[in-house]
1. One residue is enough: does region 41-62 have a residue meeting the conditions closer than 24 Å to residue 177 by Cβ, in contact with a strand residue (DSSP E or B) (Cβ under 8 Å, 6 or more places away or on another chain) and in contact (Cβ under 8 Å) with a residue 12 or more places away in the chain?
2. Only one of 185, 123 is closer than 28 Å to residue 1 by Cα and modelled with pLDDT of 95 or more; which?
3. Has region 48-58 got any residue that is at pLDDT 95 or above, loosely packed, with under 13 Cβ neighbours inside 10 Å and in contact with a helix residue (DSSP H, G or I) (Cβ under 7 Å, 6 or more places away or on another chain)?
4. Closer than 17 Å to residue 130 by Cα, in contact (Cβ under 8 Å) with a residue 12 or more places away in the chain and either in contact with a strand residue (DSSP E or B) (Cβ under 8 Å, 6 or more places away or on another chain) or of a type in the set (Gly, Ala, Ser) (or both), is that true of residue 8?
5. Using beta carbons and a limit of 8 Å, which pairs, at least six apart or on different chains, have the first residue in region 146-173 and at pLDDT 95 or above and the second one crowded, with 17+ Cβ neighbours inside 10 Å and of a type in the set (Ser, Thr, Tyr)?
6. Just for helices (runs of 4 or more DSSP H) wholly inside region 79-186: which have at least 2 residues that are among the small types (Gly, Ala, Ser) and either out of contact with any Leu (no Cβ under 8 Å at 6 or more places or on another chain) or surrounded by fewer than 22 Cβ atoms within 10 Å (Cβ to Cβ) (or both)?
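The values are calculated or read from the model by the stated rules, or taken from the named source; none is laboratory data. Computed from a prediction, not measured in an experiment: that's the story for all the values here. Reconstructed Cβ throughout: ideal geometry from the backbone, glycine too, with neighbour counts over all protein chains shown.
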Amino acid sequence: MTKIGIILGSTRPGRNGEAVARWVQQVAAQRTDAEFELVDLLDYNLPHLDEAMPPSLGQYSQPHTLRWANKIASFDGFVIVTPEYNHSTSGALKNAIDFLYGEWNNKAVGFVSYGSAGGTRAVEHLRLIAAELQMADVRNQVALSLFTDFENFSVFRPNDFQRESLTAMLGQVVAWSTALAPMRVR
């Protein structure tokens, strides 16, 4: 069965992303066409990129990199939950992505973002990164506003239409992940 990782892309104390990622996981768990697993960057404690060789060579030397690589390699596709910080994604997420290369290739990715402008500018950057990593980013995305999908900017209460957006995006991620499977056979 197709396996999709839901990556929680913030490590900030008091992060809104945890509630968002759990919502994504809850909605995704109702599907029967794929398995979904929440992957919290906090659980990997990655330092700033500390590998001597470029990730494209796949010659990882650090135990934390090998653990991270094994986890990412186990998935067929991803949903990335990202905040928007200063018109981009979080440094922690960018760093985690940069540790690897081949483990991302030929996999689909969808985005759930949040911020004052719905996190859309963070996703614009992530789409460019995904292209460099040979990932297929799906068109649909979920853009959550701190003004309308959160109470007091911190209690997550998504508008009803956001669930429809999420369901559509998940469908695209599963379909593209399945379609790309022959390209991942090595």
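1. Within region 41-62, one or more residues are closer than 24 Å to residue 177 by Cβ, in contact with a strand residue (DSSP E or B) (Cβ under 8 Å, 6 or more places away or on another chain) and in contact (Cβ under 8 Å) with a residue 12 or more places away in the chain.
2. Numbers: 185 fails: modelled with pLDDT of 95 or more.
None of the others qualify; the one that does is 123.
3. Within region 48-58 (the criterion being at pLDDT 95 or above, loosely packed, with under 13 Cβ neighbours inside 10 Å and in contact with a helix residue (DSSP H, G or I) (Cβ under 7 Å, 6 or more places away or on another chain)), the answer is yes, since at least one residue qualifies.
4. Working: closer than 17 Å to residue 130 by Cα: yes; in contact (Cβ under 8 Å) with a residue 12 or more places away in the chain: yes; either in contact with a strand residue (DSSP E or B) (Cβ under 8 Å, 6 or more places away or on another chain) or of a type in the set (Gly, Ala, Ser) (or both): yes.
So residue 8 fits the description; yes.
5. Close Cβ pairs satisfying both conditions: 146/114; 149/114; 150/114.
6. Values: elements: 91-98, 120-132, 160-179, 181-184.
Fully inside region 79-186 and qualifying: 91-98, 120-132, 160-179.
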